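Undergrad: Got a structure here, written out as structure tokens. Questions coming.
The values are calculated or read from the model by the stated rules, or taken from the named source; none is laboratory data. Predicted, not measured: the structure shown is a model, and the values here were computed from it. Ideal geometry is used to build each Cβ from the backbone, glycine not excepted, and the neighbour counts take in all protein chains shown. Just the protein is used for accessible areas: all its heavy atoms, side chains included, with ligands, DNA and RNA removed. Shrake-Rupley method; radii C 1.70, N 1.55, O 1.52, S 1.80 Å.
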Amino acid sequence: MKNKSLLIISLFLVLALIAFAETTYRVSGKITDEKGKGLPGANIVVVGTGKGASTNLSGEFTISDLPSGTYQFTVSMIGYETTSQDVTLVADQAITFSLLPKAYQSQPVVVTASRTRQRLQDSSVSTSVVEAEQIAERNFLSADEAMRFVGGVSMNDSQISIRNSTGFAYGTGSRVLVMVDGVPISSGDTGEIKWDALPIGQIEQLEVVKSAGSALYGSEAMGGVVNIITRKPDEGATYKISSEFGVWDKPAYEQWEWSDKTRTFHRVGIEHTRHIKDWGLLLSLEQKRDDSYVQASNFSRGQVFGKATRKVGESGTLSLMANVAYEDRGTGVEWESQRKALSVDPNKTDDRTWSTKVQVNAQYSGSSKGGRQLWSVKAHTNYYSWISRLYAGQDSEGNNIDDMHNSISAKTGIDGQLTFVPRDDHRFTTGAEFNVISIDANIFGKRDGFGGAIFVQDEINTFNPLVATIGLRGDVFHVNASDEYHGETYGNINPKIGAVYHITDDIALRSNFGTGYRMPTMSELFTEIKVAGILDVNPNPNLRAEQAYSAEGGFSWISGSQLFDFAVFSNWYKDMIEPQPDERIGTYVQFKNIQDAHIYGAETSMRWNMGELVEMGGGEGGILHRADFNFSYLFTKAINTTDSEKQGETVYLPYRPEHTLMLITSVNYWKHGSLAIDTRWKSKPLLGLYDNDPTVDQRVIDVTNRFTYDRWTLQLKVSNLLNWNYIEIDRNIAPIRRFSAHFSVNF
Amino acid sequence: MKRKIWLSTFAIIVGMFLLGNNCDYGIKPDAQSLVGEVIFNGEWPESATMAFIVVTHEKPSELILDQNLLKGYYQIPDYDLLARPDTIHFEIEMNSGIYNWVFIAVLDDAAVDFAPDNPNPLGWRNLAGEYRDPENPSRLGSVEIGEGIPQQHIRIMASFDPPYQGVGNPGSFRLVDTQEGGR
């Protein structure tokens, strides 16, 4: 009886295996380039099954044991556009995929320069684009690291400056509007950009508009606009696990060593994307820790990023995004001395800041049938809170006394936009915004204000090949009165006019003129803080808004991914707000409308994709498939015209380098490797607080080597290869050499 | 052939960049310093809240003290100041150069009040001592800082009682107004 039962069970299992085997199939095929030549080392993944393969030297692949059903096959390879295809399996099947090299993709499409989608060359203002692949290839740890290699952009510590529009004031009063998916992310109190809170791993494209953007984006866009476009949830269900570990090198000089411990940093992250019914979902969790190369600047940080999108009707899209970051960071403000440049005052080693940053936005966009009308509505809230513990002095017994500083700010806004295309040669855009700021801080007081704006823009293509753009924006913002403050209303109307003349399909001339303005931020008006021995900042509620006049002319040639661009620009600023140290005591600072300034210069950018020139026949095991060169040179003169009128000599604005040269290269080699070498040189700027401190040019080289195989990626990076010691802001050595290894896997 | 040309160009550019650095590391620790002590004579004023030892290239011949003259300074720590010491030791990191005016200034709250109607603004009354030529104390002393020059060590005699009389103080004292001289 027992033997009979075993026989029946065995037969059943065998039959089940046979039945199972009968329902699995094999998919084989070839992945080729656009000319039909097999591509070795290309990756093919069956989404949601964990199955995949890499192609052999002939570009062929085989994937077995797939049950019947419909599958999404995704094919990718460095240097080529990723493609996907749904396949229904009812038998063994052969499939051929043809990949288009990125060199042949059409020129970039941007959405920021005119608040509508347009080809890069159709923009009348200079615009740079950084794609996700460029960011991934270099494994940047934060968004501000990526910005340091964008032509025309300078970072003074965390303060961004486009074409030298901005100096340094600990992030306060940014003249560059930074947005995530078209939504401003600046804080309500200082107006600064919280770069550490931005989801570097989720960036699809970075767009940098390098001219005054007040006519479209208002006060904060006086010196330009950065729009960080995050990626959409994937179609299939995928996971990504990534981690990074790195070591800071020893300082270049023994005198600067301040710790016997090896200084390390790490990052771990996990992300998941999937579709549930009509919703596409993306969730990312990340944790970072850094001992830091400089004393009292270590940090630990946690971050959660989520995005959900769904189609609404035939043409509508609803998008919800939330980004939350928490950080515990040392707050070393400046070096102890040049002899101990990586140490801080021994009394200040425990100075720390704890911060929470929350960005939430909801967007709905849609269009009419035929696409003649497009509309969008965006609502957002940025909530930032921080508490700082700073050394304040000593009591009569020699014990340290700390001061606690804090701020809670919320900035909430809603804007709507309508684009109307009555004829093919005419595009009219209009919209309105409303926003509210509320602050409760011991260094700014309890402040609140509200404002609104209306804008219109008309793009006329009647005189083809000339495209003209005219626009106008009116802004008003009221800072509410309080006990000691009378209240103030700021307002301005900013016009712009631009033109693009297409000489051929690839070559265009452009010019634009516009005005800009920036109202003072709450912190510039009301900050009252004393940092022992370093700063003594005092309020100035009588500040006026800044004004700017901006003009630019340029030439561009764009063919595929080959690009040459040249621009000359001139910006005049009136009543520029800058922190002014009191000459009587160097540490006493107040924001003042003290300067009229003229910033002018020229910028050229070139990008060569040399895939055709260097190809050695990948199908025959060649070593080099593609090489990209990005070259950017910026020359500016930032002159304080207020002083030069009085003294008859040129007086430069602080923190503005006169020359900036960047060479950004990447080379694909063998089947799975890519090597990126990025160099940045900037001439030494004038410093702000301490005239007599030494400054040097910036000479930075970063080298990143990436290996990808199937779903696995390993990156090895050396940042600041030369261990070059330079400063971006007073008495702070910029990051020294560090080594890091990054690992990620998708499944 | 074309591949070699491009790769060679790339190698030359990176090589030039590397050579341009000439095995240098940019900003380096300044190697020189001025060390010394200040010996105080008389009782410290009760109102003293801050004290600085200050190094400048020259004593201004005009009636101004511009921040740009300032080349180095040492602030006496609060805990030392509150003890009202007889002697203070200091070390100031300095760039190479010749410095002809080293002095100590003792400030009270009135000295840092810049209201126009302040009856006791910052002035010569806050000068508590100067480094004088050891061989001829009626003249100001000179300090040379530079590579290869042994560390300089100076002594400053400060006085509260009687009040210190500066060497050739140029009349009344005035400060540069920020609105006129701001950067």
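Undergrad: What is the number of the single condition among (1) out of contact with any Pro (no Cβ under 7 Å at 6 or more places or on another chain); (2) within 11 Å of another protein chain (Cβ to nearest Cβ); (3) surrounded by 19 or more Cβ atoms within 10 Å (Cβ to Cβ); (4) at pLDDT below 85 that A:ALA638 does not meet?
TA: (2)
Undergrad: Go through the residues of the range A:188-206 one by one and say whether even a single one is under 18 Å from the mean Cα position of the chain (by Cα), hydroxyl-bearing (Ser, Thr, Tyr) and outside the structural domain of A:THR74 (by TED's automatic domain parsing).
TA: Looking through the range A:188-206, none of the residues is under 18 Å from the mean Cα position of the chain (by Cα), hydroxyl-bearing (Ser, Thr, Tyr) and outside the structural domain of A:THR74 (by TED's automatic domain parsing).
Undergrad: Confirm whether A:ASN347 is polar (S, T, N, Q) and open to solvent by 20 Å² or more (accessible area, probe 1.4 Å).
TA: yes
Undergrad: Against the conditions (1) open to solvent by 40 Å² or more (accessible area, probe 1.4 Å); (2) in contact with a strand residue (DSSP E or B) (Cβ under 7 Å, 6 or more places away or on another chain); (3) at pLDDT 70 or above, where does B:ARG174 fall short? Just the number, please.
TA: Evaluating B:ARG174 over (1) open to solvent by 40 Å² or more (accessible area, probe 1.4 Å); (2) in contact with a strand residue (DSSP E or B) (Cβ under 7 Å, 6 or more places away or on another chain); (3) at pLDDT 70 or above leaves (3) as the failure.
Undergrad: Report, by residue number, each residue of the range A:225-269 that is of a type in the set (Lys, Arg) and in contact (Cβ under 8 Å) with a residue 12 or more places away in the chain.
TA: Those that are of a type in the set (Lys, Arg) and in contact (Cβ under 8 Å) with a residue 12 or more places away in the chain: A:ARG231, A:LYS232, A:LYS240, A:LYS261, A:ARG263, A:ARG267.
Undergrad: Taking A:TYR690, is it surrounded by fewer than 19 Cβ atoms within 10 Å (Cβ to Cβ), hydroxyl-bearing (Ser, Thr, Tyr), more than 22 Å from A:SER76 (Cβ to Cβ) and touching a residue at least 12 places away in the same chain (Cβ under 8 Å)?
TA: yes
Undergrad: Counting residues that are of a type in the set (Lys, Arg), which strands (runs of 3 or more DSSP E) fully inside the range B:86-141 reach at least 1?
TA: Qualifying strands (runs of 3 or more DSSP E): B:136-140.
Undergrad: Still on this structure, please answer the following. All but one of (1) of a type in the set (Gly, Ala, Ser); (2) more than 22 Å from A:ASP505 (Cβ to Cβ); (3) open to solvent by less than 10 Å² (accessible area, probe 1.4 Å) hold for A:SER123; state the number of the condition that does not hold.
TA: With (1) of a type in the set (Gly, Ala, Ser); (2) more than 22 Å from A:ASP505 (Cβ to Cβ); (3) open to solvent by less than 10 Å² (accessible area, probe 1.4 Å) applied to A:SER123, the lone miss is (2).
Undergrad: While we're here: So A:ARG289 fits all but one of (1) surrounded by fewer than 17 Cβ atoms within 10 Å (Cβ to Cβ); (2) out of contact with any His (no Cβ under 8 Å at 6 or more places or on another chain); what number is the exception?
TA: All conditions are met except number (2).
Each row is one residue, and each column tells you yes or no for (1) more than 29 Å from the chain's Cα centre (by Cα); (2) surrounded by 18 or more Cβ atoms within 10 Å (Cβ to Cβ); (3) in the same structural domain as A:PHE555 (by TED's automatic domain parsing).
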| residue | (1), (2), (3) |
| --- | --- |
| A:ASN464 | yes, no, yes |
| A:VAL467 | yes, yes, yes |
| A:ASP475 | no, yes, yes |
| A:HIS478 | yes, no, yes |
| A:ASP483 | yes, no, yes |
| A:HIS486 | yes, no, yes |
| A:TYR490 | yes, yes, yes |
| A:LYS496 | no, yes, yes |
| A:VAL500 | no, yes, yes |
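Undergrad: Is it the case that the range A:723-736 has a residue that's without any contact (Cβ under 8 Å) to a residue 40 or more places away in the chain, within 11 Å of chain B (Cβ to nearest Cβ) and open to solvent by 50 Å² or more (accessible area, probe 1.4 Å)?
TA: Looking through the range A:723-736, none of the residues is without any contact (Cβ under 8 Å) to a residue 40 or more places away in the chain, within 11 Å of chain B (Cβ to nearest Cβ) and open to solvent by 50 Å² or more (accessible area, probe 1.4 Å).
Undergrad: Still on this model: Those residues that are open to solvent by 60 Å² or more (accessible area, probe 1.4 Å) and farther than 20 Å from A:SER376 by Cβ, I need them from the range A:407-433; list them, please.
TA: The answer is A:ILE408, A:ARG423, A:ASP424.
Undergrad: Something else now. Just the residues that are open to solvent by 40 Å² or more (accessible area, probe 1.4 Å) and at pLDDT 80 or above, please, taken from the range A:14-26.
TA: Scanning the range A:14-26 gives A:TYR25, A:ARG26.
Undergrad: Within the range B:27-51, how many residues turn out to be in a strand (DSSP E or B) and more than 10 Å from chain A (Cβ to nearest Cβ)?
TA: 9
Undergrad: With respect to the numbered conditions (1) surrounded by fewer than 19 Cβ atoms within 10 Å (Cβ to Cβ); (2) aliphatic (A, V, I, L, M); (3) modelled with pLDDT of 85 or more, which one is the sole condition not fulfilled by B:VAL102?
TA: It is condition (1) that B:VAL102 fails.
Undergrad: Moving on. Which one is modelled with the lowest pLDDT, of the residues in the range A:582-607 that are more than 10 Å from chain B (Cβ to nearest Cβ) and closer than 16 Å to A:GLU524 by Cα?
TA: If we take residues in the range A:582-607 being more than 10 Å from chain B (Cβ to nearest Cβ) and closer than 16 Å to A:GLU524 by Cα, then A:VAL589 is modelled with the lowest pLDDT.
Undergrad: In the range A:312-329, how many residues are surrounded by fewer than 20 Cβ atoms within 10 Å (Cβ to Cβ) and closer than 27 Å to A:ARG737 by Cβ?
TA: 2
Undergrad: Follow-up. Is at least one residue of the range B:74-87 more than 9 Å from chain A (Cβ to nearest Cβ), touching a Ser or Thr at 6+ places or on another chain (Cβ under 6 Å) and either open to solvent by less than 70 Å² (accessible area, probe 1.4 Å) or at pLDDT 85 or above (or both)?
TA: Scanning the range B:74-87 turns up no residue that is more than 9 Å from chain A (Cβ to nearest Cβ), touching a Ser or Thr at 6+ places or on another chain (Cβ under 6 Å) and either open to solvent by less than 70 Å² (accessible area, probe 1.4 Å) or at pLDDT 85 or above (or both).
Undergrad: Looking at A:VAL130, is it in the same structural domain as A:MET179 (by TED's automatic domain parsing) and at pLDDT 85 or above?
TA: yes
Undergrad: Name the residue that is farthest from the other protein chains (Cβ to nearest Cβ), counting only residues in the range A:704-719 that are crowded, with 21+ Cβ neighbours inside 10 Å and out of contact with any Gly (no Cβ under 9 Å at 6 or more places or on another chain).
TA: Step by step, filter the range A:704-719, then rank; the result is A:GLN715.
Undergrad: Which residues, taken from the range A:27-59, are of a type outside the set (A, V, I, L, M), open to solvent by 40 Å² or more (accessible area, probe 1.4 Å) and touching a residue at least 40 places away in the same chain (Cβ under 8 Å)?
TA: A:LYS30, A:GLU34, A:GLY36, A:LYS37, A:GLY48, A:GLY50, A:SER58
Undergrad: Kindly check whether there is at least one residue in the range A:332-339 that is in a strand (DSSP E or B) and either at pLDDT 95 or above or open to solvent by 30 Å² or more (accessible area, probe 1.4 Å) (or both).
TA: no
Undergrad: Looking only at the range A:737-747, how many residues end up being of a type in the set (D, E, K, R) and more than 14 Å from chain B (Cβ to nearest Cβ)?
TA: The number of residues fulfilling the criteria is 1.
Undergrad: With in a loop (DSSP other than H, G, I, E, B) and among the hydrophobic types (A, V, I, L, M, F, W, C) as the only criterion, which of A:ILE677, A:ILE701, A:ILE664, A:ILE736 stands out?
TA: None of the others qualify; the one that does is A:ILE736.
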